[in-house]
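Here the structure is laid out as structure tokens; the discussion comes afterwards.
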Amino acid sequence: MTSSHADLVRRNKEFTLASWTAQDSWNPLSMARAEGVYFWDADGKRYIDWSSQLVNVNVGHGHPHVIKAIQDQVAQVAYAYPGIATEPRARLGEMLREIAPSGLVKSFFTNGGADAVENAMKMARLYTGRQKVMTRYRSYHGATFGAMTAGGDPRRLANEPGVPWVVHVHGPYAYRSPAYRGRTEAEGDQAVVDQIEETIQFEGPENVAAILLEGYNGTSGVMQGGETFWRGIQSICDRYGILLIIDEVMSGFGRTGEWFGVNHYPYVKPDLMAMAKGLTSGYVPMGGVMVTEPIATHFADHPLWGGLTYSAHTLACAAGIANIEVYKNENLIENARSMGKVMRKGLMDLAENHPSIGEVRGTGLLQVIELVTNRETREPMSAWNQPATEPMKKLAGKLRELGMNTFVRFNWIFCAPPLVVTEEQMQEGLGIIDQALDITDQSYQGS
Ligand SMILES: Cc1ncc(COP(=O)(O)O)c(C=O)c1O
């Protein structure tokens, strides 16, 4: 039976609930078929997937190698409970050790990103015997209870006061944060690090188990610190015996042109790393936490108080192995790096012609355009954490109309296509954004 787009939307709305929205405002696209960087709705309209769904379909849609691996695995062993040893689980753990930032040796598998973060925080607290976890306000770490508190952006506010042991701190945002006013980016980064260290003094360093940071900042606006920030964080962790948890759920698996976002800062040594999304590119849900040898050794004779029925699911492990094979065999990490440069050049060219582009940030295939009504005052096209303004709503509608699926939030357009994107497809996407930006340019008020 084939349904029309309108019929699918009607039945989805009638029988199911949607995430992060009042249900009446939910106006979804539909998807009936998908391949590479494209998908088609139930009426046959094609969309270029400029956000890889939720920045997770890194190998692109319908990859035959991943599909075959899952099909083979389901026929052999569809499921084994997490207390049982399996070949795909061992093999995936081994492959992850080979590609992870140095020092991370063992993986604990979860069902997705939020529970990877939950388990990373739990392990850090069990290992150190300390309570508190420090995170950035401008961050997102998932929607389960603890992870939702850990995320600092407004999505956490419905869950307040959340868990009592998360402490939020300011982070890098050179374009707007007061810490950078009248300072160079490096000086601003240092000011942020100094504030974080001062907060640790107030909280009592002996109480702080971990600092939790995205390896490369994602949906909170791609606001990334530079070398001064990352060296400063590492040195705070070393000085106070605080663990560093790096959340690579979005920035992992080639997204930023490196295997992991934190690889851009080789002097940073994560003690725990959360991952998900590109681990399986969404073909089967899966997340995980990687830990260093000392943490793994701690759990050699202390129970790891945690578990999930679907931990190390055989189909997810098979999908994970196949994804890593695709990343390697098709040089997708390198492609993300080189296509990221093409994207950056294209976005900078757009900025020459479209005054409403205030800033372009990010690297590899994780970039964002920030829109303003005035470049001098940097007045946002839509205010942070407020309902979208008409120009932003119209811009989002125009992108859809022109056949682009992407994430538009506040005054940001996210640019994160699958890692298989070609130069031609990149130009196609940039061309759509070029047309849509005429809308926000009309609301530009600067000179
Ligand atoms: C950095 C980061 N951490 C954690 C999560 C949560 O992952 P999941 O939605 O798989 O629970 C996300 C999801 O977008 C994320 O971007």
Discussion item. Need the full-extension length gain, GLN427 to GLU401, defined as separation in residues times 0.36 nm minus the C-alpha distance. One decimal, nm.
Written reply: 7.6 nm
Fill in: the stretch 397-439 - charge dipole about Cα centre, Lys and Arg +1 at Cβ, Asp and Glu -1, debye rounded to 20
300
Worksheet item: Does the chain come out rounded, prolate or oblate, given a ≥ b ≥ c as the square roots of the eigenvalues of its C-alpha gyration tensor, rounded meaning a/c under 1.5 and, failing that, prolate meaning a/b above b/c?
Response: oblate
Item to complete: Convert 20 °C to kelvin, take the viscosity as 1.002 mPa s, use the Kirkwood radius over C-alpha pairs of the stretch 158-302 as Rh, and evaluate the Stokes-Einstein diffusion coefficient in µm²/s, rounded to a whole number.
Response: 130
Discussion item. Give me the net charge for the shell around ILE48: Cβ to Cβ below 15 angstrom, other residues only, Lys and Arg +1, Asp and Glu -1.
Written reply: -3
Worksheet item: Of all DSSP beta bridges in the stretch 64-329, what percent run antiparallel (nearest 5)?
Response: 40
Practice prompt. Calculate what fraction, in whole %, of the accessible area of the chain sits on carbon and sulfur atoms when a 1.4 Å probe is rolled over the protein chains.
Written response: 52
Item to complete: Note the full-extension length gain between THR184 and GLU390 as 0.36 nm times their separation in residues minus their Cα-Cα distance, in nm to one decimal.
Response: 70.7 nm
Response to the item:
Given a Förster distance of 41 Å, the FRET efficiency implied by the Cβ-Cβ spacing of ARG375 and ARG46, rounded to the nearest 0.05, works out to 0.75
Worksheet item: Going 7 Å from the Cα of TRP20 in the Cα-to-Cβ direction, what parts of the stretch 36-59 have a backbone nitrogen less than 11 Å from that spot?
Response: 54-55
Item to complete: Considering only DSSP beta bridges where both residues belong to the chain, give the percentage that are antiparallel (nearest 5).
Response: 65
Worksheet item: Which FRET efficiency value, to the nearest 0.05, is calculated for GLU206 and ALA300 with the Förster distance at 30 angstrom and r the Cβ-Cβ distance?
Response: 0.75
Worksheet item: How much solvent-accessible surface does THR377 expose, in Å² to the nearest 10, with a 1.4 Å probe and all protein chains in place?
Response: 90
Worksheet entry | Unit charges at the beta carbon, dipole of the stretch 64-329: most positive-side option, LEU157, LEU304, VAL117 | LEU157
Discussion item. Net charge within 12 Å of ASN385 by Cβ-Cβ distance, Lys/Arg positive one each and Asp/Glu negative one each, not counting ASN385 itself?
Written reply: +3
Worksheet, complete the sentence: Sorted list, accessible surface of protein heavy atoms, 1.4 Å probe, largest first, for LYS132, LYS106, LYS341 is LYS341, LYS106, LYS132
Fill in: Spin-label proximity, GLN442 to the stretch 387-405 - amide N less than 14 Å from point 7 Å beyond Cα toward beta carbon
390-399
Response to the item:
Here the gain from full extension of ASN12 to LEU157, 0.36 nm per residue of separation minus their alpha-carbon distance, amounts to 49.5 nm
Worksheet item: Quick one: net charge of GLN131's neighbours, Cβ under 14 Å, K/R +1, D/E -1?
Response: +2
Fill in: Candidate residues ARG361, ARG11: accessible-area rank, largest first, probe 1.4 Å
ARG11, ARG361
Worksheet item: Per residue, how much accessible area does the chain have with a 1.4 Å probe, in Å²?
Response: 43
Worksheet item: Using a simple charge model, +1 on the beta-carbon of Lys and Arg, -1 on the beta-carbon of Asp and Glu, nothing else, what dipole does the stretch 64-329 show about its Cα centre, in debye to the nearest 20?
Response: 400
Fill in: Accessible heavy-atom area order of ASP238, ASP41, highest first, probe of 1.4 Å
ASP238, ASP41
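The values are calculated or read from the model by the stated rules, or taken from the named source; none is laboratory data. This is a predicted model, so every value here is computed, not measured. Here Cβ is always computed from backbone atoms with ideal geometry, including for glycine, and neighbour counts include all displayed protein chains. Side chains are part of the model used for accessible areas, which takes the heavy atoms of the whole protein and leaves out ligands, DNA and RNA. Shrake-Rupley method; radii C 1.70, N 1.55, O 1.52, S 1.80 Å.
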